[in-house]
Amino acid sequence: MSAARRIAGALALASTALAAPLAAQDFAITNATVAIGDGGEPIENATVLVRGGKVVAAGAGVPVPAGIERIDGQGKWVTPGLFAAVSDLGLWDVEGVGDSNDTEADESPFNAALDVAPAINPLSEHIAISRTGGITRSSVIGHPGNSIFAGQGALIDLGADPQAVTRPRAFQYAVLNEQAGRIAGGSRVSAQALFRNALREARDYAARGNIPRESADPRMVDTSAERARDVLLTRFDAAALVPVVEGTQKLYLRVERAADIRSALALKQDFPKLDLVLVGATEGWMVAEDIARARVPVIARPLVDLPNRFEQLASTQSNIGRMRAAGVDVAIGGFIGPDNQPRWAPEEAGNLVALTRVPGATGLSWGQALAAITSVPARISGLGDTAGVLKPGALGDVVIWNGDPLELSSSPVRVFIEGVEQPLDNRQTRLRDRYRTPAPGALPKAYDW
């Protein structure tokens, strides 16, 4: 077969994979062990009813209307779809190949105005692989390049259809950690000055009344000569930061050490409308009461326990458990690059459950751990109770597992997003099938996409 015909065939398959979304299915999963995702423990011999793409009921004793497709869940576990908080899904194909990597714009004249939504590729194999692992939604960010502002992140679903982005410009992502010091001129002092100056400029820009308060669209800009001469913050970036200072767009702020967390919380004294979310917070347990008092949620990695940087000297696997015990709303997240993939979220949550059995350590209960990868990140992202839970009115994102989802031996057997069953094949499964029983001959059978 010629190269041209192979490419044409691949494109045809791709277009088929991203055909118009299928209609939502009405179904009931019965006789299963069901976890609602709200922090409670699993319910045995329970039912989940989904109609019109939304959850109608979940729990024991749920009646199943006549004519509804029944799925026997005997021996299976059912959970909400997992939410991968702070990932770069859909923004890169091969990390080391710049032409396929849209995670960082280190030569761009813009920073806060960058919007990842148009670059997200629903055909990305990373999306397909994550979907196979039970991930149904994610908050996607770019990486900081030549600025402490990385730009505006998006909320996506992982459905096999062309519409991955469900909410563009959902939040602004910035860093005020060691990396920020390097970017901003060599120290945190400069990073703090640049950050506060940017927020002040955005606030002043909004006060001029040149753009709608609800808009983060950089096209709605002030073209005055004064703004054009401003070398610290372009008018496009100022426009993008207006919703941040006015509290209509969330600010995801990467900080690690306790001192930086306190500095981040202090920002609300000068900018009281900030809708702040802390990302990272490796030493969050040291200032957990301050974070809880400020009612600021946290997205953290649970298995960071080695101080490979100075800002992580007090790292411990008990970090999330201790913050949770202090009253902080904490989600598991930070799924960036090939070394921390979203499909590993259940393993990380399971480790926090195991941690409760270690003397002197602080982990999470089973229900709390599942919530940290379902309802909590969905709530932090602004979706409220519409995702990450199996409650009436929530989106019909449902995963059927062949065992306890927080055990390494378990995996999804069926995945639904808004009531539509999703394919669970991907490049990895096709390679597995190709080499499991290779055809006779010197070379394996040609790969067919």
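Residue count for segment 288-324, restricted to those that are in a helix (DSSP H, G or I) and surrounded by fewer than 23 Cβ atoms within 10 Å (Cβ to Cβ): 9.
Considering the conditions (1) aliphatic (A, V, I, L, M); (2) surrounded by fewer than 24 Cβ atoms within 10 Å (Cβ to Cβ); (3) more than 22 Å from P80 (Cα to Cα), L155 is excluded by exactly one of them, (3).
Of all residues in segment 54-90, those satisfying the criterion of being small (G, A, S), more than 17 Å from P42 (Cα to Cα) and either surrounded by 14 or more Cβ atoms within 10 Å (Cβ to Cβ) or within 21 Å of the chain's Cα centre (by Cα) (or both) are A84, A85, S87, G90.
Scanning segment 376-395 for residues that are in a helix (DSSP H, G or I) and within 12 Å of the chain's Cα centre (by Cα) returns V376, P377, A378, R379, I380.
Here's the yes/no breakdown for (1) in contact with a Lys or Arg (Cβ under 6 Å, 6 or more places away or on another chain); (2) at pLDDT below 55; (3) assigned by TED's automatic domain parsing to the domain that holds A378:
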{"position": "A10", "(1), (2), (3)": "no, yes, no"}
{"position": "A20", "(1), (2), (3)": "no, yes, no"}
{"position": "A32", "(1), (2), (3)": "yes, no, no"}
{"position": "T47", "(1), (2), (3)": "no, no, no"}
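Pairs are defined by a Cβ separation below 9 Å, a sequence spacing of at least 6 or placement on different chains, a first member in segment 427-438 that is loosely packed, with under 13 Cβ neighbours inside 10 Å, and a second member that is of a type in the set (D, E) and assigned to a helix (DSSP H, G or I); the pairs so defined are Q428/E125. Exactly one residue out of G388, G441 is at pLDDT below 95, at positive phi and not acidic (D, E): that is G441.
Selection of first residues in segment 274-288 that are in the same structural domain as Q152 (by TED's automatic domain parsing) and at positive phi and of second residues that are surrounded by 22 or more Cβ atoms within 10 Å (Cβ to Cβ) and part of a loop (DSSP other than H, G, I, E, B), restricted to Cβ pairs under 7 Å at least 6 apart or on distinct chains, gives the following pairs, ordered by first then second residue: G280/N177; G280/E256; A281/E256.
For the criterion of being modelled with pLDDT under 95 and either among the hydrophobic types (A, V, I, L, M, F, W, C) or more than 30 Å from T429 (Cβ to Cβ) (or both), A119 fails. Note on segment 194-246: among residues that are at pLDDT 85 or above and surrounded by fewer than 14 Cβ atoms within 10 Å (Cβ to Cβ), the one that is farthest from K268 (Cα to Cα) is A207. Taking (1) surrounded by fewer than 22 Cβ atoms within 10 Å (Cβ to Cβ); (2) farther than 20 Å from T103 by Cα in turn, N340 satisfies each apart from (2). Restricting attention to segment 413-432, the residues being under 22 Å from F27 (Cα atoms) and touching a helix residue (DSSP H, G or I) at 6+ places or on another chain (Cβ under 7 Å) number 3.
In summary, R357 fulfils each of the numbered conditions (1) surrounded by fewer than 24 Cβ atoms within 10 Å (Cβ to Cβ); (2) within 16 Å of P80 (Cα to Cα); (3) not hydrophobic (A, V, I, L, M, F, W, C) with the single exception of condition (2).
Only a single criterion out of (1) without any contact (Cβ under 8 Å) to a residue 12 or more places away in the chain; (2) under 30 Å from A240 (Cα atoms) is not satisfied by E95, namely (1). Checked against the criterion of being in contact with a Pro (Cβ under 8 Å, 6 or more places away or on another chain), hydroxyl-bearing (S, T, Y), more than 25 Å from G382 (Cβ to Cβ) and in contact (Cβ under 8 Å) with a residue 60 or more places away in the chain, segment 120-140 has at least one qualifying residue.
In segment 256-281, the qualifying residues are those that are in contact with a helix residue (DSSP H, G or I) (Cβ under 7 Å, 6 or more places away or on another chain) and assigned to a loop (DSSP other than H, G, I, E, B), and the one that is surrounded by the fewest Cβ atoms within 10 Å (Cβ to Cβ) is K273.
The values are calculated or read from the model by the stated rules, or taken from the named source; none is laboratory data. Since this is a predicted model, take the numbers as computed values, not measurements. Neighbour counts run over all protein chains shown; Cβ positions are idealised from the backbone, glycine included.
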